[in-house]
Amino acid sequence: MTERKAQLAANLARVEERIAAACEAAGRERKDVTLIVVTKTYPASDVRFLAELGVRDVAENRDQEAKPKAADCSDLDLQWHFVGQLQTNKVRSVMGYADVVHSVDRLRLVEALSSAAVRRGREIGCLVQVALDAPSGSLGGRGGAAPADVLAVADAVAQAPGLRIDGLMTVAPLAGEYAGNPRAAFDRLMEISTSVRESHPAATMVSAGMSSDLEEAVSAGATHVRVGTAVLGVRPRLG
Ligand SMILES: *Cc1c(COP(=O)(O)O)cnc(C)c1O
């Protein structure tokens, strides 16, 4: 094993222990939480090592970086998740490799994703990104629909050809009433998820929790955690 692969293996084992312990503490089964490794800023060679180490889900947040990386890794059996803010002019490109888009937050983006999916003859999974601190009618600073607007976006996804409404995603807010309290943020996300599932029972994915707060997300009920730093190391700058 190369030094880098051994380091990734050790980091993955530590993250796996954290997820398993959090599941146990919450009385949840380990198989009900999926680890998505966020590989942004790291090379395709790392993605390849991760696949060899058993990772099946990877995430990226910028199309310019993700597109060539996914192409380099197209021989691997991986699900690609797109988790970054998405401009409508990047949608056609993202449709070339992404299996699930976690950052669906406005009707115009739903329309663009739908027409790109139809043009490619594929179905893509969508999560509505929730900005817990955004006022109704506006987007969060890092993207995301305001809680009051989530159902309308989910309804639009459900009606759009080529799209599937799979659930919700959030990033714990750094400011406002949820600052420093990721558990409260994830509990609120779960409440919104419960109400969305009244109209969309198949929208069961809850994507929440990163390197610093995956335990809080698992105990709140997240089905997917998105972990970058704890597996790959500290990124040189915010990706
Ligand atoms: C980078 C990123 C992550 C991973 O964050 P870490 O703190 O490195 O684990 C998760 N979700 C999104 C949307 C990201 O952009």
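The values are calculated or read from the model by the stated rules, or taken from the named source; none is laboratory data. It should be emphasised that the depicted structure is a prediction, and the values quoted were computed from it without experimental measurement. A quick note on method: Cβ atoms are made from the backbone with ideal geometry, for glycine too, and the neighbour counts reach across all protein chains shown. Side chains are part of the model used for accessible areas, which takes the heavy atoms of the whole protein and leaves out ligands, DNA and RNA. Shrake-Rupley method; radii C 1.70, N 1.55, O 1.52, S 1.80 Å.
Per residue, the solvent-accessible area of the chain (1.4 Å probe, heavy atoms of protein chains only, all protein chains present) comes to 45 Å². Taking amide hydrogens as placed 1.01 Å from N in the peptide plane, the amide H of A59 sits under 5 Å from those of V37, V38, T39, H81, each at least 5 positions away in sequence or on another chain. Once the C-beta distance of Q7 and Q87 is scaled by a Förster radius of 30 Å, the resulting FRET efficiency is 0.30 to the nearest 0.05.
What the Cβ-Cβ distance of A152 and S212 gives, at R0 = 22 Å and to the nearest 0.05, is a FRET efficiency of 0.10.
Antiparallel beta bridges, as assigned by DSSP with both residues in the chain, represent about 5 percent of the total such bridges. The relative contact order of region 3-232, computed from alpha carbon pairs under 8 Å that lie at least 6 residues apart in sequence, is 19 percent. Carbon-plus-sulfur fraction of the accessible area of the chain, 1.4 Å probe, in percent? Percent of accessible area from carbon and sulfur atoms in the chain: 50. Each residue, A20 and L174, gets one label point 7 Å from its Cα in the Cβ direction; the gap between the two is 3.3 nm. The phi torsions of region 148-162, fed into the Karplus equation with coefficients 6.51, -1.76 and 1.60 and a -60° offset, translate into couplings of 5, 9, 4, 5, 4, 5, 4, 4, 5, 4, 4, 8, 7, x, x Hz, rounded to whole numbers, with Gly and Pro shown as x. In plain terms, the C-alpha convex hull of region 86-226 casts an average shadow of 7.7 nm² when viewed from every direction. Near the amide H of V128, within less than 5 Å, lie the amide hydrogens of G167, L168, M169, all on another chain or at least 5 residues away, with H placed in the peptide plane. Sorted largest first, the principal axis extents computed over the alpha-carbon atoms of the chain equal 49, 42, 32 Å. Each residue of region 92-98 is assigned a 3J(HN,Hα), and the resulting list reads 4, 5, 4, 5, x, 9, 7 Hz, derived from the Karplus form 6.51 cos²θ - 1.76 cosθ + 1.60 (θ = phi - 60°), x at Gly and Pro.
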